[in-house]
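Notes follow the structure.
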Amino acid sequence: MSDILSDDSLDRLFRAARTHYVWRDEPVSDVLLQALYDLVKMAPTSANCQPMRLLFVKSADAKARLEPHLSEGNRAKTMAAPVTAIVGYDLEFYEELPRLFPHTDARSWFAGNDAKIAETAFRNSSLQGGYLILAARALGLDVGPMSGFDSAGVDAEFFAGSSIKSNFLCNLGHGDAEKLHERSPRPDFDDFCQIL
């Protein structure tokens, strides 16, 4: 099966990849962040709805605005990370569907249906956040995704007056592999999977 990625590639994306908490003092360029997004946008979302919105927190001023909204256990590692991506979702994503899914009136599937909008935006931005993690690893970055933050505070600080809500945070940079904890156990196939 020549279509399978090499073991080195699979290791980089999955088997040897880790969640990092300690960061080397190496910058992440804006060009690399643009390349990261250019990969992520190519992955599938339902009806190409693309609800994820990314805010890359890099500057000292932006980090100072983010810090009060982080849980205590996430503050030091986030402040030390070269970049923190706020992975958000736009509750008005469907307004872009005439451009992103032009062969039918997909906007009408969502307009006025708040429950469907929220479910679709959250689910697909979560998928896109997963793609972000894998794309970052493919581009040589390490990641530290996390949920420990005050989402209402982040939304008020960074997305006030918009239709964007935060989903999760993801630190990006070059991790210090010597500071990693031992990998936590992973379940076997038969523990969590069935084939019917």
- Looking only at segment 163-190, count how many residues are out of contact with any Gly (no Cβ under 7 Å at 6 or more places or on another chain), touching a residue at least 60 places away in the same chain (Cβ under 8 Å) and of a type in the set (Ser, Thr, Tyr). 1
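For segment 1-44, what are the residues that are among the β-branched types (Val, Ile, Thr) and under 14 Å from the mean Cα position of the chain (by Cα)? Give the steps one after another, and end with the answer.
As a first pass, look at segment 1-44 and keep what is among the β-branched types (Val, Ile, Thr): 4, 19, 22, 28, 31, 40.
Selection gives 19, 40.
Based on what the data block shows, is residue 87 crowded, with 19+ Cβ neighbours inside 10 Å, at pLDDT 95 or above, over 16 Å from residue 147 (Cα atoms) and aliphatic (A, V, I, L, M)? Lay out the reasoning, then the answer.
On the way: crowded, with 19+ Cβ neighbours inside 10 Å: yes; at pLDDT 95 or above: yes; over 16 Å from residue 147 (Cα atoms): no; aliphatic (A, V, I, L, M): yes.
Against the criterion (crowded, with 19+ Cβ neighbours inside 10 Å, at pLDDT 95 or above, over 16 Å from residue 147 (Cα atoms) and aliphatic (A, V, I, L, M)), residue 87 does not qualify.
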- Filter result (under 18 Å from residue 142 (Cα atoms), part of a loop (DSSP other than H, G, I, E, B) and of a type in the set (A, V, I, L, M, F, W, C)) within segment 65-111: 81
- Query: How many residues, within segment 35-61, are under 24 Å from residue 157 (Cβ atoms) and part of a helix (DSSP H, G or I)?
  - Reply: 5
- Query: In segment 93-139, which residues are polar (S, T, N, Q) and in contact (Cβ under 8 Å) with a residue 40 or more places away in the chain?
  - Reply: 120, 124, 125, 126, 128
- Per-region count, segment 137-163, residues of a type outside the set (D, E, K, R), farther than 17 Å from residue 78 by Cα and part of a helix (DSSP H, G or I): 3
- Message: If residue 183 satisfies all but one of (1) part of a strand (DSSP E or B); (2) basic (Lys, Arg); (3) at pLDDT below 95, what's the number of the condition it fails?
- Response: (1)
- Message: Which of the numbered conditions does residue 3 fail, given that it passes all the others? Conditions: (1) of a type in the set (D, E, K, R); (2) within 21 Å of residue 169 (Cβ to Cβ); (3) without any contact (Cβ under 8 Å) to a residue 24 or more places away in the chain.
- Response: (2)
- Query: Does residue 166 satisfy the condition of being out of contact with any His (no Cβ under 8 Å at 6 or more places or on another chain), assigned to a loop (DSSP other than H, G, I, E, B) and within 24 Å of residue 68 (Cα to Cα)?
  - Reply: no
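Within segment 119-137, track down each residue that is of a type in the set (A, V, I, L, M) and either surrounded by fewer than 15 Cβ atoms within 10 Å (Cβ to Cβ) or in contact with an Asp or Glu (Cβ under 8 Å, 6 or more places away or on another chain) (or both). Show your work before the answer.
The first filter runs over segment 119-137 and keeps only residues of a type in the set (A, V, I, L, M), leaving 121, 127, 132-136.
Those that are of a type in the set (A, V, I, L, M) and either surrounded by fewer than 15 Cβ atoms within 10 Å (Cβ to Cβ) or in contact with an Asp or Glu (Cβ under 8 Å, 6 or more places away or on another chain) (or both): 121, 136.
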- Taking segment 157-194 and keeping residues touching a helix residue (DSSP H, G or I) at 6+ places or on another chain (Cβ under 9 Å) and of a type in the set (Gly, Ala, Ser) leaves 162, 163, 166, 173
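Which residues, taken from segment 96-124, are touching a Lys or Arg at 6+ places or on another chain (Cβ under 7 Å) and either charged (D, E, K, R) or at positive phi (or both)?
Taking segment 96-124 first, the residues touching a Lys or Arg at 6+ places or on another chain (Cβ under 7 Å) are 97-98, 110.
Within segment 96-124, none qualify.
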- Message: So residue 171 passes all but one of these: (1) of a type outside the set (A, V, I, L, M); (2) part of a strand (DSSP E or B); (3) at pLDDT below 95. Which condition number does it fail?
- Response: (3)
- Message: If I ask for residues that are more than 22 Å from residue 123 (Cβ to Cβ) and either surrounded by 18 or more Cβ atoms within 10 Å (Cβ to Cβ) or among the β-branched types (Val, Ile, Thr) (or both), which ones from segment 159-196 would you list?
- Response: 171, 172, 173, 175, 195
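The values are calculated or read from the model by the stated rules, or taken from the named source; none is laboratory data. Just so you know, these numbers come straight off a predicted model, no measurement behind them. Methodologically, a virtual Cβ is constructed for each residue, glycine included, from the backbone with ideal geometry; neighbour enumeration extends over all protein chains shown.
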